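The values are calculated or read from the model by the stated rules, or taken from the named source; none is laboratory data. Just so it is clear, the structure is predicted and the values come from calculations on it, not from any experiment. Cβ coordinates were reconstructed from backbone atoms using ideal geometry, including for glycine residues, and neighbour counts include every protein chain displayed.
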Amino acid sequence: MPQHRLIIFILAILWIALTYLMKLPPMSLSITGLIFLYWVWKEGWSGMIVGVSLVLAHAVVFKLALPKMSTADTFTLAWALIANAVTLSIVAWLRSRDIQENVVQRKAIRALELGTMRLSEAQDAAGVMAAGLDAVRALELAPHLAFVQPLEGKLRVALGRGGFSKYEGQTISNASRNPRQTQVESLIRHLSDQIPEAKHWTSTAILVGGYGGRSLGTVVVSRENKTPFTSSETALLTSLTRLFGAHLGQVSSLRELERSHESAHMTLGLALEYRDYETAGHTGRVVEMSEILGQHLGLSTTERESLRAGAYLHDIGKMVIADQILLKPDVLTFEEREEMEKHTVIGFELLAKLDFVPTEALEVVKHHHERWDGGGYPSGLAGNDIPYLARIFAVIDLFDALTHARPYKRTYTALEAIDEITIQAGKQLDPFISADFVTLWRDNKLKVKDREVFSFTTRWE
């Protein structure tokens, strides 16, 4: 119980007892109402109910204390009772709106705190959408929420809460927009047409905008009563939605930037395939296997992105190797082998100048030819001193090189390549990663498309 309630209640009881013992006149009933003014001021109608109840109780005590009350005293007691009830009711009415606004403000602060915390933790667009809707729901203005996005000229419920949750992923409208209606009015009409429950709800919709005014979707808020949303409620929803939109726009922009980076990685990696037709398709296959093995090994999203980048770029240093060495259809001499082995350091030095290439990807480029026993190049690293992603990629690169044609060797069958990886485990390759790779292959989970990303049927002279 709040402290003010306890203090006021005790004071009221003591005052009632005093009036009974001292047989004070009925006019003293007015003081009882004054005692409860602070309670009513703090709590509005709930405080008024308690105050009036105790004023009535005090009136009963007067009748018991003064059983032979005169007509004048009875009249005074009645007027004091009415005056107390009216006074407390007026105070409660005046305070009720302020109290309600305070409650709304507290809910808004709680929703803002929840939204800020959840949005900061979100890692992708789906997480941002979920955090945004949960923050809006914390306002307790409505139980039914949906985030609606356009998809191929239609509207789709990307995420739902309450009554909208069962419509997640569904298209809710393919109707054309009525030119007499605003975008929001049209959206609500489409919802009512497509979702039966929505016909009996009161709904409003807030557009979600990202950077540069780009529309990212619409938040639909619905409740089952017919009470329209007030301007203050709409303002609260708009404020939270702006926060939601800012984070969603940021995440979307980051994902677009990441896709641009991956496209750049792919283009750089495939440039070598255009020069060396014998390795066509190698880049696409090793990238796909890197993602599969990375997931199996429990790599984080960032680590898998770096592994894929390294897979795209691992042989970029060969771009500066002379054609007579790179395209030689025979075993290389010792001097040619030394020249070829420089491609790892050359690739590392070239890519280190590009800010968007992750450090872990650079390690793959530089160290994917190191050996577990220390006999590799360029640094002669051994065991766990070899960067982890480079050890992962070394297994993938060897498997693909063995199972596809090269001028200087025969093509291995997949089973022969798996046997060779088993032999090289603990020698050339990390034995633990090799075992995981073999397990994936035996479980038929390493099937990748043997395809070329670019067509090499037309070659420039």
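Cβ-Cβ distances below 7 Å connect the following pairs, each with a first residue in region 314-336 that is without any contact (Cβ under 8 Å) to a residue 40 or more places away in the chain, a second residue that is outside any loop (DSSP other than H, G, I, E, B) and among the aliphatic types (A, V, I, L, M), and a separation of six or more residues or different chains: V320/I346; I321/M340; I325/M340; E336/I325.
Going through (1) modelled with pLDDT of 80 or more; (2) closer than 22 Å to L240 by Cβ; (3) surrounded by fewer than 20 Cβ atoms within 10 Å (Cβ to Cβ) one by one, G169 falls short only on (2).
V40: within 30 Å of S96 (Cβ to Cβ), outside any loop (DSSP other than H, G, I, E, B) and at pLDDT below 75, yes or no? Don't jump to the end; show me each part of the working.
Values: within 30 Å of S96 (Cβ to Cβ): yes; outside any loop (DSSP other than H, G, I, E, B): yes; at pLDDT below 75: yes.
Yes, satisfied.
Among residues of region 47-59 that are more than 12 Å from I90 (Cα to Cα), those with a Cβ under 9 angstrom from a residue that is assigned to a helix (DSSP H, G or I) and of a type in the set (D, E), sequence gap 6+ or separate chain, pair up as V50/E43. Tell me, please, whether a residue that is under 21 Å from L313 (Cβ atoms), touching an Asp or Glu at 6+ places or on another chain (Cβ under 7 Å) and assigned to a loop (DSSP other than H, G, I, E, B) can be found in region 382-399. Yes: region 382-399 contains one or more residues that are under 21 Å from L313 (Cβ atoms), touching an Asp or Glu at 6+ places or on another chain (Cβ under 7 Å) and assigned to a loop (DSSP other than H, G, I, E, B). Scan region 337-348 for residues that are without any contact (Cβ under 8 Å) to a residue 24 or more places away in the chain and either farther than 18 Å from L398 by Cβ or in contact with a Lys or Arg (Cβ under 9 Å, 6 or more places away or on another chain) (or both) and the total you get is 3.
Matching residues to (1) touching a helix residue (DSSP H, G or I) at 6+ places or on another chain (Cβ under 7 Å); (2) farther than 22 Å from L77 by Cα; (3) outside the structural domain of A83 (by TED's automatic domain parsing); (4) buried (at least 21 other Cβ atoms within 10 Å of the Cβ):
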residue: I10; (1), (2), (3), (4): no, yes, no, no
residue: M27; (1), (2), (3), (4): yes, no, no, no
residue: I31; (1), (2), (3), (4): yes, no, no, no
residue: W41; (1), (2), (3), (4): yes, yes, no, no
residue: S46; (1), (2), (3), (4): no, yes, no, no
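Just one residue in the set G33, G44 is touching a residue at least 12 places away in the same chain (Cβ under 8 Å) and at positive phi; that residue is G44. Exactly one residue out of T218, T238 is outside any helix (DSSP H, G or I), under 18 Å from L187 (Cβ atoms), at pLDDT 75 or above and among the polar types (S, T, N, Q), and it is T218.
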